[in-house]
Amino acid sequence: MKKTKNIQKIKYKIWIITTLFFSIIAFIIFASVTIYIDPLFHYHKPLNKYKYPINNERYQNDGITRNFEYESIITGTSMTENFKKSEADKIFESDFIKVPFSGGYYKEINDNLKRAYSSGKNIKYIIRCLDYSHLVEYKDAYREDISYPFYLYNNNLFDDMNYVFNKSILFEQTRSVIKHTKTEIKTTNFDDYANWNNYYTFGAETVLSTYTLDETASTAQVFSEDERSMVLGNIRQNVTSLAAAHPETTFYYFFPPYSICYWDILKNDGQIDWRIDAEQAAIEEILKYPNIKLYSFCNNFELVCNLDNYKDQAHYGEWVNSWILEWMHNDEYLLTKDNYKKYIKTIREFYNSYDYALLHK
């Protein structure tokens, strides 16, 4: 009887050890496939033998900035998603990547750029938009409605378990690479990556249908000293600090040209002067840095007032992105210490005096 129990114990131990052994082997295989193919480019750039779908900004951009080969970067919010690498390469005579963050706050975009530098990249140009909508924001603010894969954004190997042992990554992202390769779909290029232009209609009818105004207009909002401090903190930490640390890089920053309907909403909410005051505070801080070239196209009233260029109050078609590249390269709409006050005066007068009622007739 005792001998039988001992035999059962030995068999049980063998079963435990065998199960544990094969489980470890299975986990190693599981992880190895994702590590080797690396669909999020966490460890390396795309392997030549595979075709990669590049379609997930917040999961793939960190790997792109750290592991791809390039000279220059296009980044920002959805205002930069329709830029084309091929055009930027030709106009600026450099090799670009495009890493946009739709709806991203200033800190998220700046943190990604810092990761590029910390990975040893020598960056010639950075083209980046500075959205009005995220200007008056706390310097450390991140979007609260997005679940960020922070395990991809650090150098902690233990965090990588969330990547290499992630069933969704294996069966969706890694499997998608294999599927693309088998069907001979090419790796996504940076002209097409995140480009939404062909999925929307443009024009006055479309734009005007995307918003309504409160029946009673608000009183004028005053730009407070606390808000000024907030803007300066945001700009200093998330815009100008990199320029100060990297004088070898030329930074092409621009305020994107939201449509006249955006200003219609500001007018109704009593925020036109408040918004322009915030912009002026940012401009005065940014112009302190000689390796930053700052542009604004909000005084291109022909562009802003032509709703055929827009799909909603803010988002413009890819042809506008093409114009912006040309304008910046030619230093059109460049803001300087000598002309920015005239620019501020011009847009303040125009947007405060525009007959917004014409939009709704």
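Is it the case that some residue within the range 190-201 is more than 30 Å from K293 (Cα to Cα), under 23 Å from the mean Cα position of the chain (by Cα) and not in a loop (DSSP other than H, G, I, E, B)?
Yes: one or more hits.
Test A217 against the criterion of being over 25 Å from D331 (Cβ atoms) and aliphatic (A, V, I, L, M), and give yes or no.
Judged against the criteria, A217 is a match.
Taking the stated definitions as given, is Y289 open to solvent by less than 20 Å² (accessible area, probe 1.4 Å), in a loop (DSSP other than H, G, I, E, B) and aromatic (F, W, Y)?
No; evaluated as a whole, the condition is false for this residue.
Could you tell me whether the range 261-272 includes any residue that is of a type in the set (G, A, S), out of contact with any strand residue (DSSP E or B) (no Cβ under 7 Å at 6 or more places or on another chain) and surrounded by 14 or more Cβ atoms within 10 Å (Cβ to Cβ)?
Looking for residues that are of a type in the set (G, A, S), out of contact with any strand residue (DSSP E or B) (no Cβ under 7 Å at 6 or more places or on another chain) and surrounded by 14 or more Cβ atoms within 10 Å (Cβ to Cβ), one finds at least one in the range 261-272, hence yes.
Among the candidates I169, I146, single out the residue that is outside any helix (DSSP H, G or I) and open to solvent by less than 100 Å² (accessible area, probe 1.4 Å).
The unique qualifying residue is I146.
Limited to the range 54-65, what total is found for residues that are open to solvent by 40 Å² or more (accessible area, probe 1.4 Å) and either in a helix (DSSP H, G or I) or touching a Leu at 6+ places or on another chain (Cβ under 6 Å) (or both)?
Residues in the range 54-65 being open to solvent by 40 Å² or more (accessible area, probe 1.4 Å) and either in a helix (DSSP H, G or I) or touching a Leu at 6+ places or on another chain (Cβ under 6 Å) (or both): 1 in total.
Please go through the range 218-228 and pick out each residue that is polar (S, T, N, Q) and open to solvent by 90 Å² or more (accessible area, probe 1.4 Å).
T219
Look through I123, I73, I91 and report the one residue that is under 14 Å from the mean Cα position of the chain (by Cα) and of a type outside the set (D, E, K, R).
I73
Say we look at the range 71-117 and pick out the residues that are in a helix (DSSP H, G or I) and hydrophobic (A, V, I, L, M, F, W, C); which of these is nearest to Y59 (Cα to Cα)?
Step by step, filter the range 71-117, then rank; the result is I109.
Please specify each residue of the range 319-341 satisfying the condition of being open to solvent by 40 Å² or more (accessible area, probe 1.4 Å), outside any loop (DSSP other than H, G, I, E, B) and not hydrophobic (A, V, I, L, M, F, W, C).
E326, H329, K341
Just need a number here: residues in the range 193-233 that are without any contact (Cβ under 8 Å) to a residue 12 or more places away in the chain and under 16 Å from Y356 (Cα atoms).
The total comes to 5.
Looking at the range 338-361, which of its residues are within 18 Å of D269 (Cβ to Cβ) and not aromatic (F, W, Y)?
Answer for the range 338-361, where residues must be within 18 Å of D269 (Cβ to Cβ) and not aromatic (F, W, Y): I347, R348, N352, S353, D355, A357, L359, H360.
Take the residues in the range 185-201 that are of a type in the set (A, V, I, L, M, F, W, C) and more than 15 Å from S78 (Cβ to Cβ), then tell me which one is most open to solvent (accessible area, probe 1.4 Å).
I185
E215 passes all but one of (1) charged (D, E, K, R); (2) open to solvent by less than 40 Å² (accessible area, probe 1.4 Å); (3) over 26 Å from the mean Cα position of the chain (by Cα); which number fails?
(2)
The values are calculated or read from the model by the stated rules, or taken from the named source; none is laboratory data. Please read all numbers here as calculations on a predicted model, not as lab measurements. Positions of Cβ are backbone-derived with ideal geometry, glycine not excepted, and every protein chain shown enters the neighbour counts. We work out accessible area using only protein heavy atoms, side chains counted, and drop any ligands, DNA or RNA first. Shrake-Rupley method; radii C 1.70, N 1.55, O 1.52, S 1.80 Å.
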